[in-house]
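*Asks:* I have a structure here, written as structure tokens, and I will follow up with some questions on it.
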Amino acid sequence: MKLNRRTFMKGAAAVTALMAAPRALLAWPEKAFKAGSSEEVMQALFGGTSVTESDSIVLNAPDIAENGRVVPISVSSSLDGVENISVIVVENPSPLAASFDLGPGATADVSTRIKMGKTSNVIAVVKADGKLYSAQKEVKVTIGGCGG
């Protein structure tokens, strides 16, 4: 394939635009990921700790994780207007395991693998229409994953 000058210039302009993009587009909740407790995570992510438990959130996680280095989880919600889904592992040194910002009209269904240092409650926090909802489950870890 022959690369002409016009194609090259379009590509170079696109790369330059991406490099000059505002940091807000590339931002991640650094303070929340560095927090040392679940309360600090909630404060950093959402500006408060007031959460309502909800049956409209489904947190799938194993009852027993044979290896805490790789614990598969998924979170889904039937709530309207879901803006964010975050996963907190209460007993981890850095409790925030994952945080997903969802765009308008996105399906509130995420899956990931997290690390767990020891047996702990895993909390799924869903922000929907400006309110916070949660579901939690205890996961027993037989081999530690966070330095264990």
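Read-outs: derived from the displayed coordinates by stated rules, not from any lab. Given the structure is predicted, the values throughout are model-derived calculations rather than measurements. So basically every Cβ, Gly included, is an ideal-geometry build from the backbone, and we count neighbours across all protein chains shown.
*Asks:* Arranged from highest to lowest average of other beta-carbon atoms within 10 Å per residue, in what order do the peptides 28-38, 67-77 appear?
*Replies:* Highest to lowest by the protection proxy: 67-77, 28-38.
*Asks:* Distance between the C-alpha centers of the range 76-146 and the range 42-58? Whole Å please.
*Replies:* For the range 76-146 versus the range 42-58, the Cα centre distance is 10 Å.
*Asks:* Hey, another quick one. Highest first, please rank the peptides 128-141, 82-95 by the mean number of other Cβ atoms sitting within 10 Å of their residues.
*Replies:* 82-95, 128-141
*Asks:* Take the alpha carbon gyration tensor of the range 29-141, find the square roots of its eigenvalues, order them as a ≥ b ≥ c, and report rounded if a/c is under 1.5; if not, report prolate when a/b exceeds b/c, else oblate.
*Replies:* It is oblate, given that a/c is not under 1.5 and a/b is not larger than b/c.
*Asks:* Taking the Cβ of I64 as the centre, find all other residues whose Cβ is under 12 Å away and add up their charges (Lys, Arg: +1; Asp, Glu: -1).
*Replies:* That works out to -1.
*Asks:* For T119, list long-range residues whose amide hydrogen, built 1.01 Å from N in the peptide plane, is under 5 Å from its own amide hydrogen.
*Replies:* So T119 has HN proximity to V141.
*Asks:* Another question, if that's okay. Starting from 0.36 nm per residue, how many nanometres of slack lie between S78 and M9 once their C-alpha separation is accounted for?
*Replies:* That works out to 20.3 nm of additional length.
*Asks:* Listing M9, M42, M116 from the residue with the fewest other Cβ atoms within 10 Å to the one with the most, what is the order?
*Replies:* Listed from fewest to most nearby Cβ atoms, that is M9, M42, M116.
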